[in-house]
Amino acid sequence: MSSMHQPVSQNLFYEDYETNAILYAIDFEDVALSLEGVHSVHHGAQAVMRQFMPAANDENLTVAQAISLFVDRVFWEENSGNLFMCAEIAKRNICLPIPREHWHVQGIPDIPQ
């Protein structure tokens, strides 16, 4: 059984980014996530549910439901190459960082680093 009342780790949602981060809004329909990226979103959504929706059963959250929480506002950060999937929950913006190696724009092959 998961620890239902465990607080969300701030490290899950935030990393140390430069104050001059350059964000570009992109359409989630243009994004392809790796399997690890999908798992990150699923685990992140479960953590959000435990924190902000304690009456909900986060263990029954499907991957599709988890992803649907974070598809409305998606950003690419130029300096890191990371993707940020964001949702407004309880009047707060919560963003899940997806490392650049776990996502790409559909139809465009990954660029070797």
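Each value in this text was obtained by applying a stated rule to the coordinates, not by laboratory testing. Predicted model, so just to flag it, every value in this text is computed and none were measured. Heads up, the Cβs are rebuilt from the backbone with ideal geometry, glycines too, and the neighbour counts pull from every protein chain shown.
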FRET efficiency, residue 63 to residue 90 (Cβ-Cβ, R0 22 Å, nearest 0.05)
0.45
Where a label projected 7 Å from the Cα of residue 28 along Cα→Cβ would reach, residues of the range 86-107 with amide N under 17 Å:
86-99, 103-106
Cut-off under 5 Å, modelled amide H: who pairs with residue 103 long-range
34
In order over the range 57-68: 3J(HN,Hα) from phi, Karplus 6.51/-1.76/1.60, θ = phi - 60°, whole Hz, x for each Gly or Pro, gives 8, 5, 5, 8, 5, 7, 4, 4, 5, 4, 5, 5
Hey, can you grab everything whose amide H is under 5 Å from the amide H of residue 81? Only 5+ residues off in sequence or another chain; H modelled, so Pro and N-termini drop out.
none
If packing is taken as the mean number of other Cβ atoms within 10 Å per residue, what is the order of 66-72, 39-45, highest first?
39-45, 66-72
